[in-house]
1. When both residues are 6+ apart or on different chains and their Cβ atoms are under 9 Å apart, which pairs have a first residue that lies in region 5-32 and is on the phi > 0 side of the Ramachandran plot, and a second that is part of a loop (DSSP other than H, G, I, E, B) and hydrophobic (A, V, I, L, M, F, W, C)?
2. For LEU217, state whether it is in contact with a helix residue (DSSP H, G or I) (Cβ under 6 Å, 6 or more places away or on another chain), outside any strand (DSSP E or B) and in the same structural domain as SER256 (by TED's automatic domain parsing).
3. For PHE77, work out the one condition from (1) within 23 Å of ASN337 (Cα to Cα); (2) touching a helix residue (DSSP H, G or I) at 6+ places or on another chain (Cβ under 6 Å); (3) surrounded by fewer than 24 Cβ atoms within 10 Å (Cβ to Cβ) it doesn't fulfil.
4. What single numbered condition from (1) surrounded by fewer than 21 Cβ atoms within 10 Å (Cβ to Cβ); (2) more than 17 Å from ASN366 (Cα to Cα) fails to hold for ARG95?
5. Could you list all residues from region 151-166 that are in contact with an Asp or Glu (Cβ under 6 Å, 6 or more places away or on another chain) and in a helix (DSSP H, G or I)?
6. Could you tell me whether THR292 is within 25 Å of ALA151 (Cβ to Cβ) and at pLDDT 95 or above?
Amino acid sequence: MTTAINRERLATTFTELCEISSPSRKEGSIATCLKEKFANLGADSIFEDDSAAKTGSECGNLIVRFDGNLPNQEGLFFSCHMDTVEPANGIEVLRTGDIFTSKGETVLGSDDKSGIAAILELLALLKENKIPHPMIEVVVTTCEEIGLLGAKHLEYKQLQTKYGYALDSSGINHVVIGAPAANRITIEIKGMAAHAGLCPEAGINALTVAVEGLNGLRLGRLDEKSTRNIGLIQGGVATNIVPELIVLKGEVRSHSTEKLNFYTKETLDTFEKIIAQWQGNPATGEKSPSITFDIVEDFPPLTIGRDTPVIKRIQRASKLAGKKMEYIVAGGGSDANIFCGYGLPTAIIATGMNKVHTVEEQQDLNDLVSLTELLHALATTNS
């Protein structure tokens, strides 16, 4: 690495970004800030798509292009998301040495502003040192934390590069090359209401059906590639009314499409079997509970081979930057899954974020510097 990272500028940028409140769907202020910063860095194109109409955000996704001056070398993109989880209003960053935290009442926002800060520092280095580089595109999405909505509605036709890197993972010095696909499942169970004290036998308790179904399912880790979870149970009106409607919401994840489909179908079959075997009583007669299902393909799998250009490039870059990277398979979904589903291979790079989605969230400046060094190598190594 021949170009020194400006540590204090990087720290200042990170702090500034974190202190701009940007919970999901309220990303307008951070988007305005980023457009100004990219313009000052000499962006050749700053495009805001029309995804806000579909996501409900205050703004669209940003696709920013720096044409570079090495047209014969293959370009690449870097991706981050601009939204954070709550609580995110009034963030005050506390720096203790090289460690950044919030003052404890909010998240810090390193998920994912650590990635954005590193990209901005990279672009500043390239500009002020007049370093040759190929085309670099920066994709900054909205609403990642509430279902990858920005990435799902991104105007992909605007992208000119063919592969890239999402900067969005805890830890440091690892690259995610595999992540599962997921199906979101909603199960609506309808029974029959009745007074729980006067005539409970005249009701069909939807909660009882739900419990029987859940008892018939394995939850948690199903095999080395698959998981299943029911995370929300909603329903009931009052303690003295037999619950007529119960809604279960959950998911199935798997690195195998075949197993994803199998376990999704198994979930539905389990509940349908209970309905088929239902036996009423004289008070309910021939009436029986009913079930409806809603299955949404939440995100496709992320699977990137070691021999693909996107991985070969980071292998060369990490060697150039003196970094030993670990290549791992993870259990979560991210914007990278969506990009891969659109035919844009996207590996996920860890940014050093720690204890994310909590008020104890932390970021080490040394990890931010290390990340920026890797990005510099990615942007300047031959493809």
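1. Hits for this filter: ARG25/CYS143.
2. Yes.
3. Of the numbered conditions (1) within 23 Å of ASN337 (Cα to Cα); (2) touching a helix residue (DSSP H, G or I) at 6+ places or on another chain (Cβ under 6 Å); (3) surrounded by fewer than 24 Cβ atoms within 10 Å (Cβ to Cβ), the odd one out for PHE77 is (2).
4. The one condition ARG95 does not meet is (2).
5. Residue satisfying the conditions is ALA151 alone.
6. No: the conditions fail for THR292.
Here is a yes/no grid of residues against (1) closer than 30 Å to GLY250 by Cβ; (2) assigned by TED's automatic domain parsing to the domain that holds ASN72:
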{"residue": "PRO132", "(1), (2)": "no, yes"}
{"residue": "THR142", "(1), (2)": "yes, yes"}
{"residue": "GLY150", "(1), (2)": "yes, yes"}
{"residue": "GLU155", "(1), (2)": "no, yes"}
{"residue": "LEU159", "(1), (2)": "no, yes"}
{"residue": "TYR165", "(1), (2)": "no, yes"}
{"residue": "GLY171", "(1), (2)": "yes, yes"}
{"residue": "HIS174", "(1), (2)": "yes, yes"}
{"residue": "GLU188", "(1), (2)": "yes, no"}
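A quick yes/no check of all residues on (1) under 29 Å from THR267 (Cα atoms); (2) in contact with an Asp or Glu (Cβ under 8 Å, 6 or more places away or on another chain); (3) crowded, with 17+ Cβ neighbours inside 10 Å:
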residue: HIS133; (1), (2), (3): no, no, yes
residue: CYS143; (1), (2), (3): yes, yes, yes
residue: ASP168; (1), (2), (3): no, yes, yes
residue: THR186; (1), (2), (3): yes, yes, no
residue: MET192; (1), (2), (3): yes, yes, yes
residue: GLY197; (1), (2), (3): no, no, no
residue: LEU207; (1), (2), (3): yes, no, yes
residue: GLY213; (1), (2), (3): yes, no, yes
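The values are calculated or read from the model by the stated rules, or taken from the named source; none is laboratory data. The shown structure was predicted, so the numbers you read here are calculated from the model rather than taken from an experiment. FYI the Cβ positions are ideal-geometry reconstructions off the backbone, even for glycines, and counts take in every protein chain you see.
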